[in-house]
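A short worksheet on the structure shown next.
The values are calculated or read from the model by the stated rules, or taken from the named source; none is laboratory data. Remember, predicted model here, so these are calculated numbers, not experimental data. Don't worry about glycine lacking a Cβ; one is built from the backbone with ideal geometry, like all the others, and counts go over all protein chains shown. In case anyone asks, the SASA skips ligands and DNA or RNA and just uses the protein heavy atoms, side chains included. Shrake-Rupley method; radii C 1.70, N 1.55, O 1.52, S 1.80 Å.
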Amino acid sequence: MSCDTDPYIFTTDTLPTDLRFLPPLANGLLGWRVYNNIMHMGGVYNGEGGRCHRADVPCPLAVKIETDEPAQHTYSLDTGTGIFTHTLSSASVTASQVLYSHRYHSNLMVMEILLVRQVTSQEPITIKLVSSFTPQSKDIVFESGPDYKGGSHIQGRTNTAEFPGGSCPEVHLIWTHVLPTLTLLPEQSQARWGFILVAANSLDSAKAGYDNGLNLMATGDLRPSHEKAWKELWLQSKVEVVGLDSLSRAVIGCMFYLLSAFPSIHDTSNSFGGVSPGGLSNGGAGQDYWGHVFWDQDIWMFPGIALFYPKLARAVLEYRVGTLDGAKDNAQKQGYKGVKFPWESAVSGREVCPQDIYGQQEIHINGDVTLAFQHYLYLTEDLSMFREGQGSEVIYGVADYWVSRATWHPDEQKYHFLGVMPPDEYYYNVNNSVFTNTVAKFSLQFAVELADRLQHPAPKEWGQVAERIKIPFEQESQYHPEFDGYIKGHPVKQADTVMLGYPLGLPMSPEVRRNDLEAYEPVTDPNGPAMTWGMFAIGWLELGEAEKAQTLLEKCFKNIQGPFQVWSESSDGSGAVNFLTGMGGFLQAVLFGYTGFRVQKDCLAFSPLLPNDIGELCIRGVNYLGRQMDWLLRKEEVHIILREQTGSAGNTSSYNLQVVLKASGTKIPLTPGQPVTFPREPGCICKLDYIPACWPF
């Protein structure tokens, strides 16, 4: 990989031998791994229940350019523009093939080819377009339709609905016919060709999308409109690290792939299908968790996106709202009240996990979903999401589930949650998972708080159960056992108990926080999922041990597969690809670890700490209460600029912000466009002007 120029461009002259690590190109609706003959569409699944998976959709742009002459090849992914380019250079011609999933017009994918003559000659020059496309799918029976404006057309429905009586999604593809060769005529010094593919769920939408694509080509605005949309996204978020090139590239790659999984910030269709661990490019039958949506979306991917993009954060919440009927059905089938979000979700919200035990026992998913809603409210104060947007139904339904699922233990005078599987999936059918019980307690407390804010009469049981949920703690060792009966030193799969500190924010002394980290770090599976070490890094940063945190965070680099910064779930390259969950955990270590950001009820707390090999960290576009801020963190000082042009998160743009320095009590108002600089000290607070300071430590 070349990094001497633009850190946003990943370049190589050799493609990875493992084709899983070719770069995905996605835009929130369509996802495709370059050169692959299949792609996927958001919300298009085939199969019932545990056999439900992302339907394979054939991709007409599965094309490689070749020449009979000896040639040099260069492949590059420009994350600044979302464009993949293959450049083929021979003695007579330079051929460039450009591929992208359109960032603004999400039902559109594009291939452009440019041929430039290298020598003066009257001979035609021909290159081959080698296609692996076939208009067939094992998940959809396609039929050919009449050509539309010169474009080929196929249509079909998935074979099996997600649940009995459910609908089978319809898929229409219209694309520019791809010729087997392209020729540069004798009188031409260069020539350009454009090919478009439109995927939609109705013929009318497909035709409209194809018309739009043809018009964009005719006006020369096809690629510029795509690049403009990516530029607009990057203007709202930028994370730059000075001192560690590998860290800088990793952060850029993570932000790019995560943003690619989300819809356009201009999308108004409300058709977002959620984010699965492998993104839209993956998830066919039997691979990459079948394209299902897990807690990964709400706990691991959501926070890093929500910090910059309230609209995209809201799209995650709206996805969960759209699955409420299925979540109610899940709870009823388990014999409980309220809603039970599925461990693995597709479109309906009914459980689609292939193995029943996870859906039955990994109930912490309910609290994980609630935590995302709570995080969003504290970041935006957007109560419309909870009123008109039905977010309150999610929060109240989860609270009702916890109350009906809890078991009173008279000897301890505590509520227990029995027969559960914690996030550490090496154990099942255990009692009182400390993570599950804590997230249940906090989501019940948030339900009470939200009901008060919305003037909704909250059942007294919500508060009563929350107050008396057992949080396992061992007094002698002063640490949190993972569950009742956990034997200290036994192996664990992934971050679990260490997440009590972050993201849950369970109050504990520094001694207990340290004991938890020291208890679980040496017994955590080194081949476990990639997001784990970011949580340990955040814990050590909280304790002021930046170098130890950095050592743990660097373990994540083993999951990054070159040359395009694609992540594998496990460090040996196995597991889900492109593992957005690991990227989300890594990003949180940077965005919430180095900065100490904590999104709290009435303030954004921060406590910056950088390791020695990072000179400065610049984070642009933090969106808090509708106000966008740019942060520059250095070893000894912090700079903040409140932008003149604020973002929108509903009704919050009128809030005034100030910084409060914990040690001195100094208050520094933030004025748009005027930089503020102050010494770095633990426990700085950025808070609402009129709300009393709250200290996180």
Task: Qualifying residues in segment 424-477 (those that are part of a helix (DSSP H, G or I), over 20 Å from residue 372 (Cα atoms) and among the acidic types (Asp, Glu)) - the one least open to solvent (accessible area, probe 1.4 Å) - done: 461
Task: Subset of segment 188-220 [part of a loop (DSSP other than H, G, I, E, B), farther than 18 Å from residue 153 by Cβ and in contact (Cβ under 8 Å) with a residue 12 or more places away in the chain] - done: 188, 189
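Answer with yes or no whether residue 120 is free of Cβ contacts under 8 Å to residues at least 12 places away in the same chain and not acidic (Asp, Glu).
So residue 120 passes the test.
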Open item on the list: For the condition under 30 Å from residue 383 (Cα atoms) and either within 29 Å of the chain's Cα centre (by Cα) or touching a residue at least 12 places away in the same chain (Cβ under 8 Å) (or both), what is the one hit in 499, 531?
Closed with: 499
Open item on the list: Exactly one condition in (1) crowded, with 20+ Cβ neighbours inside 10 Å; (2) of a type outside the set (Phe, Trp, Tyr); (3) modelled with pLDDT under 95; (4) not in a strand (DSSP E or B) is false for residue 628; which is it?
Closed with: (4)
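Taking segment 165-199, which residues are among the charged types (D, E, K, R) and modelled with pLDDT of 95 or more?
Within segment 165-199, 170, 192 qualify.
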Open item on the list: For segment 202-237, give me the residue count where each residue is open to solvent by 60 Å² or more (accessible area, probe 1.4 Å), farther than 20 Å from residue 147 by Cβ and either of a type in the set (S, T, N, Q) or touching a Ser or Thr at 6+ places or on another chain (Cβ under 9 Å) (or both).
Closed with: 4
Open item on the list: So residue 616 passes all but one of these: (1) under 30 Å from residue 564 (Cβ atoms); (2) at pLDDT 95 or above; (3) open to solvent by 20 Å² or more (accessible area, probe 1.4 Å). Which condition number does it fail?
Closed with: (2)
TODO: Within segment 364-384, identify whether any single residue is out of contact with any Ser or Thr (no Cβ under 6 Å at 6 or more places or on another chain), under 21 Å from residue 51 (Cα atoms) and of a type outside the set (S, T, N, Q), and answer yes or no.
DONE: yes
Task: Hey, residue 633 in contact (Cβ under 8 Å) with a residue 24 or more places away in the chain, crowded, with 16+ Cβ neighbours inside 10 Å, hydrophobic (A, V, I, L, M, F, W, C) and in a loop (DSSP other than H, G, I, E, B) or not - done: no
TODO: Considering (1) closer than 30 Å to residue 430 by Cα; (2) hydroxyl-bearing (Ser, Thr, Tyr); (3) open to solvent by less than 10 Å² (accessible area, probe 1.4 Å), say which one residue 380 fails and leave the rest.
DONE: (1)
TODO: State yes or no: is residue 119 open to solvent by less than 20 Å² (accessible area, probe 1.4 Å) and either in a loop (DSSP other than H, G, I, E, B) or among the β-branched types (Val, Ile, Thr) (or both)?
DONE: no
TODO: Those residues that are in contact (Cβ under 8 Å) with a residue 24 or more places away in the chain and not in a strand (DSSP E or B), I need them from segment 405-423; list them, please.
DONE: 405, 406, 412, 413, 417, 419, 421, 422, 423
- [ ] Could you list all residues from segment 47-91 that are farther than 16 Å from residue 33 by Cα, charged (D, E, K, R) and at pLDDT 95 or above?
- [x] 48, 51, 66
Task: Subset of segment 63-96 that is small (Gly, Ala, Ser) and within 26 Å of the chain's Cα centre (by Cα) - its residue that is nearest to residue 124 (Cα to Cα) - done: 76
- [ ] Check segment 333-353 and report whether any residue there is assigned to a helix (DSSP H, G or I), touching a Phe, Trp or Tyr at 6+ places or on another chain (Cβ under 7 Å) and basic (Lys, Arg).
- [x] no
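Pick from segment 76-101 the residues that are of a type in the set (A, V, I, L, M) and in contact with a helix residue (DSSP H, G or I) (Cβ under 8 Å, 6 or more places away or on another chain): which of them is surrounded by the most Cβ atoms within 10 Å (Cβ to Cβ)?
Of everything passing the filter in segment 76-101, 83 is surrounded by the most Cβ atoms within 10 Å (Cβ to Cβ).
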Open item on the list: Residue under question is residue 233, and the condition is that it be in a helix (DSSP H, G or I), out of contact with any strand residue (DSSP E or B) (no Cβ under 9 Å at 6 or more places or on another chain) and at negative phi; does it hold?
Closed with: yes
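Taking the condition of being of a type in the set (Val, Ile, Thr) and farther than 22 Å from residue 275 by Cβ, how many residues in segment 240-256 meet it? Give the steps one after another, and end with the answer.
The initial filter retains those residues of segment 240-256 that are of a type in the set (Val, Ile, Thr), namely 241-242, 251-252.
Subset that is farther than 22 Å from residue 275 by Cβ: 241-242.
Total meeting the criteria: 2.
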Task: Single residue of 260, 276 found to be polar (S, T, N, Q) and either surrounded by fewer than 24 Cβ atoms within 10 Å (Cβ to Cβ) or touching a His at 6+ places or on another chain (Cβ under 8 Å) (or both) - done: 276
Task: Residue list for segment 592-622, filter: in a strand (DSSP E or B) and among the β-branched types (Val, Ile, Thr) - done: 599, 619, 622
